[in-house]
1. Does any residue in the range 93-108 that is closer than 17 Å to ASP43 by Cβ come within less than 6 Å, Cβ to Cβ, of a residue that is in a helix (DSSP H, G or I) six or more places away or on a different chain, and which pairs are these?
2. In the range 1-39, which residues are outside any helix (DSSP H, G or I) and either within 13 Å of ligand 1 (Cβ to nearest atom) or under 15 Å from the mean Cα position of the chain (by Cα) (or both)?
3. Only one residue in GLY268, GLY180 is more than 16 Å from ligand 2 (Cβ to nearest atom) and assigned to a loop (DSSP other than H, G, I, E, B), so which one is that?
4. Which one of these is surrounded by fewer than 19 Cβ atoms within 10 Å (Cβ to Cβ) and hydrophobic (A, V, I, L, M, F, W, C): ALA28, ALA123?
5. Being more than 14 Å from ligand 2 (Cβ to nearest atom) and assigned to a loop (DSSP other than H, G, I, E, B) is the filter; apply it to the range 188-212 and report the residue that is surrounded by the most Cβ atoms within 10 Å (Cβ to Cβ).
6. Could you grab me the full set of residues in the range 211-238 that are away from ligand 1 (no atom under 15 Å from the Cβ), farther than 23 Å from LYS186 by Cα and modelled with pLDDT of 95 or more?
7. Test VAL48 against the criterion of being without any contact (Cβ under 8 Å) to a residue 60 or more places away in the chain, β-branched (Val, Ile, Thr) and in a strand (DSSP E or B), and give yes or no.
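The values are calculated or read from the model by the stated rules, or taken from the named source; none is laboratory data. The model shown is predicted, which means the values in this text are computed figures rather than measured ones. Cβ sites come from the backbone with ideal geometry, for glycine too, and all protein chains shown count toward neighbours.
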Amino acid sequence: MDVLLITFSQTGNTRKIADAMADAFQEAGHLARTIPLNEANPDDTTNVDLLGVGTSCFSSQSPTPMKTFLRTLPALNGQRSFVFATSSGAPGRVLYDLASLLRGKGAEVVGGFLARGEVHHPAPHMTGQFPGRPSEEDLIRARQFAISVTEHVSMNRNGALINNKPDALKPGLGFYDLMGTALSDKMLRLMMPEPKPDPVMCDQCGWCVDECPMDNIRLLSAPILGDRCIRCYHCLNGCPQKAFHADWRFADPLLRFLYNVNFMRWFGDMKPGEQIY
Ligand SMILES: Cc1cc2nc3c(=O)[nH]c(=O)nc-3n(C[C@H](O)[C@H](O)[C@H](O)COP(=O)(O)O)c2cc1C
Ligand code: SF4
Ligand code: SF4
């Protein structure tokens, strides 16, 4: 089989899962390619035997750049596919977003896989949650998932995979599923602080302009942000000069309330005994 994996991964967690899956596909004798979302062409998705789509989770949903890409795909006419994501303890509807958009294009989604990913969100309460994830064990689970997908597809089995994460294929009604539905980019722009570049520290290298997934930064005498920001903080995290800052005085307590360990245990998918730090 020719397998294509398309990933949206800003801090590398989802990419690690994709690479582990690609290794498993190759060990099983298949051709597997992993490409980042910003290099993917919608037409690439129609000439393969199996399509995997993976993303990080933002605001308990799939990030906008991935949703926008999936909406531009051509008809997928029964294309066998699967979805995967990494998140902290509140994945909400991230897998379902991917699966439902693929299904909307006519793809047959056989299952979904989720792993924990260390959080690099710059809000003081969020940063460093789930250190070291995905772990070796997460990567082994990813490989096992890939093998079960190949068996399922090559044996032409019907229905969903045995080790599918059930909420990939049907919408949930939990707290974080509802948050993922309710939190629009517009609301996030109101609730979360805008990253602000310091023109004195900026050396105009252009990294943030190239890397912003919303094409929202222009470089004049200093970086200027437009109105499409999704508050992913990739510019702030990655600027080589550390020229961006954000004011967390109001948003950090809000995030502490919405994404605390108890809520993630009661309403998210934190397992009994699993630690956040
Ligand atoms: C801006 C931002 C928002 C996030 N929102 C959530 C969330 O709502 N729920 C969750 O479980 N994880 C959330 N996370 C954690 C990421 O989904 C997690 O760290 C993921 O593994 C990052 O993947 P990547 O390294 O492939 O980019 C968020 C992270 C960032 C940076
Ligand atoms: S990445 Fe940092 S240093 Fe480079 S242009 Fe952007 S703000 Fe300036
Ligand atoms: S401006 Fe920064 S925070 Fe906003 S979308 Fe672009 S990279 Fe993300």
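1. LEU101/LEU70
2. Filtering the range 1-39 down to residues outside any helix (DSSP H, G or I) leaves 1-12, 28-36.
Correct list: LEU5, ILE6, THR7, PHE8, SER9, GLN10, THR11, GLY12, THR34, ILE35, PRO36.
3. On the way: GLY180 fails: assigned to a loop (DSSP other than H, G, I, E, B).
Sole residue among the options that is more than 16 Å from ligand 2 (Cβ to nearest atom) and assigned to a loop (DSSP other than H, G, I, E, B): GLY268.
4. Working: ALA123 fails: surrounded by fewer than 19 Cβ atoms within 10 Å (Cβ to Cβ).
The conditions single out ALA28.
5. Filtering the range 188-212 for residues more than 14 Å from ligand 2 (Cβ to nearest atom) gives 188-193.
If we keep only those that are assigned to a loop (DSSP other than H, G, I, E, B) too, we end up with 192-193.
Values: MET192: 23, PRO193: 19.
Ranking the qualifying residues of the range 188-212, first place goes to MET192.
6. LEU219
7. Working: without any contact (Cβ under 8 Å) to a residue 60 or more places away in the chain: yes; β-branched (Val, Ile, Thr): yes; in a strand (DSSP E or B): no.
Criteria not met by VAL48.
For every residue, the table says whether it meets (1) part of a strand (DSSP E or B); (2) surrounded by 24 or more Cβ atoms within 10 Å (Cβ to Cβ).
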| position | (1), (2) |
| --- | --- |
| THR68 | no, no |
| GLY92 | no, yes |
| LEU95 | no, yes |
| ALA99 | no, yes |
| VAL110 | yes, no |
| GLY128 | no, no |
